[in-house]
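Presented below is the structure to which this report refers.
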Amino acid sequence: RVVLLPDSVPVAVVSLLPKAGHDSLYRPPPAAPDSAAPKPAPAKRPVAAGADTIPPSRTALFTSLLLRVAEPWRPEGKYVIEIDSVRNANGAAAQVRGPLEVPKAKVDSTATKPDSARAPADSAPPPKPSQ
């Protein structure tokens, strides 16, 4: 659960996954292969005898999760993130709650700046038309 402070407005969560799971779902499609490029020979990996026969007894542990929300984070926004039933290496579940403060939006330093050498606009009133 994610809420935007100070009014505790709910924020829609798209996903909360370990990095490997997130990358497999949201990885951009690979670039089209160059048809003129030579095809590399497939690499053969040496395999130790019996190395692939024992399945892992546990799922891999991870130290971080990637959170995707439906809308972009608001600059200078303050959020509370609550995750229920996070399990540690021993299998014990707990609720995790923490703040998120989004920094102020950075100014684009590569943006075109106004010309400082340009002559200022004329401050004299335009001449009156002669009659």
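If you stretched the chain out fully between Phe62 and Gln95, how much longer would it get, using 0.36 nm times the residue separation minus the C-alpha to C-alpha distance? All intermediate terms of the calculation are to be shown ahead of the outcome.
Numbers: separation 33, 0.36 × 33 = 11.88 nm, distance 1.67 nm.
Contour length minus the Cα-Cα distance gives 10.2 nm.
State the extension gain, in nm to one decimal, for the chain segment bounded by Arg1 and Arg27, taking 0.36 nm per residue of separation less the distance between their alpha-carbons. Could you put the intermediate results ahead of the total?
Details: separation 26, 0.36 × 26 = 9.36 nm, distance 2.44 nm.
Net length gain for the segment: 6.9 nm.
Between Val13 and Arg87, what is 0.36 nm times their sequence separation minus the Cα-Cα distance? Round to one decimal in nm. All intermediate terms of the calculation are to be shown ahead of the outcome.
On the way: separation 74, 0.36 × 74 = 26.64 nm, distance 1.97 nm.
Going from the current span to full extension adds 24.7 nm.
Readers should treat all values here as calculations from the given coordinates under stated rules, not as data from a laboratory. This structure is a prediction, so every number in the text was calculated from the model and none was measured.
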